[in-house]
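What follows is a set of notes on a single structure, which appears directly below.
Only the coordinates and a few stated rules stand behind these numbers; no lab work does. On a predicted model such as this, the values are computed, not experimentally measured, just so you know. FYI the Cβ positions are ideal-geometry reconstructions off the backbone, even for glycines, and counts take in every protein chain you see.
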Amino acid sequence: MAKDVPPDHKLLVEVDEEESGPHPPFPAASLLGTRTAPDGSRYYLLVLDQPITCKRYSTNSNWTIRYLLVKPKFQGDDIVGIFEGVKDLVPVGIGNVLNQRALDSPTFEWSDVEYFAVGYVRRGGR
């Protein structure tokens, strides 16, 4: 679990459809912790309450999304700030976790995740 994040609080992930195309609504998500990318940047690992199936635009076929790696778009933004009342939402890049290694290790490789959307993370639940 990421520091200072109450385990009973949920997050909502919303895709910016103007930038990323249509996606079904995501169910609420829980923050599992952080992961370090090959470039040293910090990503947040989220798990959706239920997996969703939608179109994978890179292959034009369907895929299942359950675990997400998200990174704030702007330097200095932090998802923990949502729980502290500092921010209402945080703009993020969103990637679908493709490889178990990203779930089991504190680091991940670029091949473990596929970026697919720009969106927002906010506090809440459905």
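Computed values, structure above
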read-out	value
Translational D in µm²/s for segment 4-61 (Stokes-Einstein at 25 °C, 0.890 mPa s, Kirkwood Rh from C-alpha pairs)	182 µm²/s
Inter-probe distance in nm under a simple model that places probes 7 Å from Cα toward Cβ, at Ala28 and Gln100	2.9 nm
Extension gain from Thr59 to Lys10, taking 0.36 nm per residue of separation minus the Cα-Cα distance	14.6 nm
Mean Cβ count within 10 Å, highest first, over the residues of peptides 41-47, 81-87	41-47, 81-87
Kirkwood Rh, Cα atoms: Rg over Rh of the chain	0.93
Fully extended contour minus Cα-Cα distance, from Asp39 to Arg66, at 0.36 nm per residue	7.3 nm
Lysine pairs within the chain, Cα separation less than 18 Å, 8 or more sequence positions apart or different chains	6
